[in-house]
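Everything below concerns the one structure shown next.
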Amino acid sequence: MADPLLTISDLSIGFKEDLVRDISLEVHSGEIIAVLGPSGIGKTTLVRTIAGLVRPRQGSFELHLPSQGGLGYIPQRLGLVRHASVYHNVNLGARASLPLLKGKREERIERVTSAISALGLKEKIHEPIRRLSGGQIRRVATARALAQRPKLLLADEFLSELDHSTVDVVIEAVQTLIDSGNSIIMVEHHEENVELIATRIWLIQNEQLLDMSIEEWRKRQEEEE
Amino acid sequence: MRKNFIAAVGGLLFLALLILIDLAGDWGRLGQGIDNLLTFTGESMWPPNWSVLEAQSYPVCEKDIEFFCSVGYIGMVETIKIAFVATILGFIGALSLSSFAAKNLMPMPIALFFRIVLSAIRSLPSLIWAIIFVIVIGVGPLAGVLAMTFYTVGYLGKLHYEAFERMPSDSLEVSRAMGLSHPTIFTSVVIPETGNHLLSQLMFMFEYNVRHGTVIGLVGAGGIGFYINTYLKLLQYDKVLALLILIFIVVIIIDLLSLMIRSFVTDDGDVRQPKWFSFLKKLKKGSEQ
């Protein structure tokens, strides 16, 4: 098997006390991992820890990614520049992996315009984020990740609040990332979305992370029912 | 809640009055002082002497309109020039320093260091900066520009880093996680998010610098203050009053200009066309027809 993109060793996460303990895992190229569990159990904290925004309480993790733009992140609140246009925001993603100093202007423009088109935002390209609807704003955040083309994308509920047809559009767009061998770790609440995209499940319960394949998860669901 | 607020304000007012009584000492002088002020303004200042808007006797005026050779015009234009250059230079300096002083953009030790630098610059009033630069480079507008630039850096720097710290954290977190560089985060995330506040602060600072141009001119740092100082020394208070009225009018015009420029931006930071702009367009169309 190829080298992992992410290696987690004996990791404990949380703030004043542990939310999840003793996580030891590897994430490989092409895997789509859905992080599941009830609210407040530590799903977002896990993603934020891997993003380098929260310090681990114990243990460590290592990212084996390109130094520029290897890691993508879509937080729950999306983190868009609200006073700037759709183009400006998506371009930030492209600039993360293709910095201005490296030239490649045409490639950057191509990435941005194709990401915007893929998510059906061509008409809104010069609109400021503030003027878009909730669903459109979520699509811009996905377009930013698409333009970045990260080896590992951390997405916190990026499919929530979207109607079915928009979920299909977003998943079809994200599929191009997956097809190029990139990985996604996504926090998700809706089981139907998990079924659509995930290949592996991290289920958090009782301060433990259970790592299972999508088939094992389905079987477990059936048994519980 | 409302009662608590009223009680707190009342308490603070009472405390302030107690301190004032302690500071003031002899209240009897206040009535006499007002009499002095009325005599002074009535006999020495009033009416304003508008000869300050006429051409000076020397150098000989070569312009068609005499007003352009007047002390009022020359002094005011120099003050506005000093204020403009100092505001722009100070704004650029403040932006650079405040990007290192904001706690959400830099690690705490670095932010603290730059905050101390900005506090040190700000702790000297512009008048003291003007005295320093008059000593260093001599009397003239350059000393005024440098004095105001330094003060602007200190003052705007604080306003800027406070605006940066109030911005939502999520866009900064995403930018960092994506691996964007500090200059990219600053120019492409922080500035667009806080642009409206920065514009507002810039306009305020320009107006402040025009008003303050009169003060730094008193120590020889150029501008209309230089002429005010000269008339004060010659006891020509009526001319001083005329120049003060001129400054007041210019400050009002700048305030209106500032209001006009800011009306292109909504409270939320969107660019829009203000109502007065559409009105002007209609007027123009009407006159063409």
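List pairs: first in the stretch B:121-133 and among the hydroxyl-bearing types (S, T, Y), second assigned to a helix (DSSP H, G or I) and open to solvent by 60 Å² or more (accessible area, probe 1.4 Å), Cβ under 7 Å, 6+ apart or cross-chain? Nothing qualifies. Taken over the stretch A:90-102, the criterion of being at the interface with chain B (Cβ under 9 Å from one of its Cβ atoms) and either among the charged types (D, E, K, R) or open to solvent by less than 60 Å² (accessible area, probe 1.4 Å) (or both) is satisfied by A:N91, A:L92, A:G93, A:R95, A:A96, A:S97, A:P99.
Out of everything in the stretch A:120-136 that is within 12 Å of chain B (Cβ to nearest Cβ) and touching a residue at least 24 places away in the same chain (Cβ under 8 Å), what residue ends up being least open to solvent (accessible area, probe 1.4 Å)? So that I can check it myself, show each step before the final result.
Keep residues of the stretch A:120-136 that are within 12 Å of chain B (Cβ to nearest Cβ), which gives A:126-131.
Checking the rest, the ones that are also touching a residue at least 24 places away in the same chain (Cβ under 8 Å) come to A:126-130.
Details: A:H126: 147, A:E127: 57, A:P128: 20, A:I129: 1, A:R130: 71 Å².
By that ranking, first place goes to A:I129.
The set of residues from the stretch A:25-54 being within 14 Å of chain B (Cβ to nearest Cβ) and open to solvent by 30 Å² or more (accessible area, probe 1.4 Å) comprises A:T44, A:R48, A:G52, A:L53. In the stretch A:73-87, the residue that is nearest to the other protein chains (Cβ to nearest Cβ) out of those that are open to solvent by 50 Å² or more (accessible area, probe 1.4 Å) and over 25 Å from A:E188 (Cα atoms) is A:H83. Screening the stretch A:103-118 for residues that are at pLDDT below 90 and over 14 Å from A:R149 (Cβ atoms) and picking the one that is surrounded by the fewest Cβ atoms within 10 Å (Cβ to Cβ) gives A:E106.
Table: residues versus (1) within 12 Å of chain A (Cβ to nearest Cβ); (2) closer than 30 Å to A:P128 by Cα; (3) buried (at least 20 other Cβ atoms within 10 Å of the Cβ).
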site	(1), (2), (3)
B:Y161	no, yes, yes
B:H197	yes, yes, no
B:L202	no, yes, yes
B:R211	no, no, no
B:Q236	no, no, no
B:A242	no, no, yes
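Among the residues of this structure, B:A143 counts as one that is under 20 Å from B:L124 (Cβ atoms) and out of contact with any strand residue (DSSP E or B) (no Cβ under 6 Å at 6 or more places or on another chain).
For the stretch B:64-73: of the residues being part of a helix (DSSP H, G or I) and open to solvent by less than 60 Å² (accessible area, probe 1.4 Å), which is farthest from B:A147 (Cα to Cα)?
B:C69
Identification of strands (runs of 3 or more DSSP E) wholly contained in the stretch A:153-225 with 3 or more residues that are open to solvent by 10 Å² or more (accessible area, probe 1.4 Å) and within 18 Å of A:L36 (Cα to Cα) yields A:200-205, A:208-213.
Taken over the stretch B:22-52, the criterion of being open to solvent by 60 Å² or more (accessible area, probe 1.4 Å) and in a loop (DSSP other than H, G, I, E, B) is satisfied by B:D26, B:W27, B:W46, B:P47.
The values are calculated or read from the model by the stated rules, or taken from the named source; none is laboratory data. Since this is a predicted model, take the numbers as computed values, not measurements. A quick note on method: Cβ atoms are made from the backbone with ideal geometry, for glycine too, and the neighbour counts reach across all protein chains shown. With ligands, DNA and RNA removed, areas are computed over all heavy atoms of the protein, side chains included. Shrake-Rupley method; radii C 1.70, N 1.55, O 1.52, S 1.80 Å.
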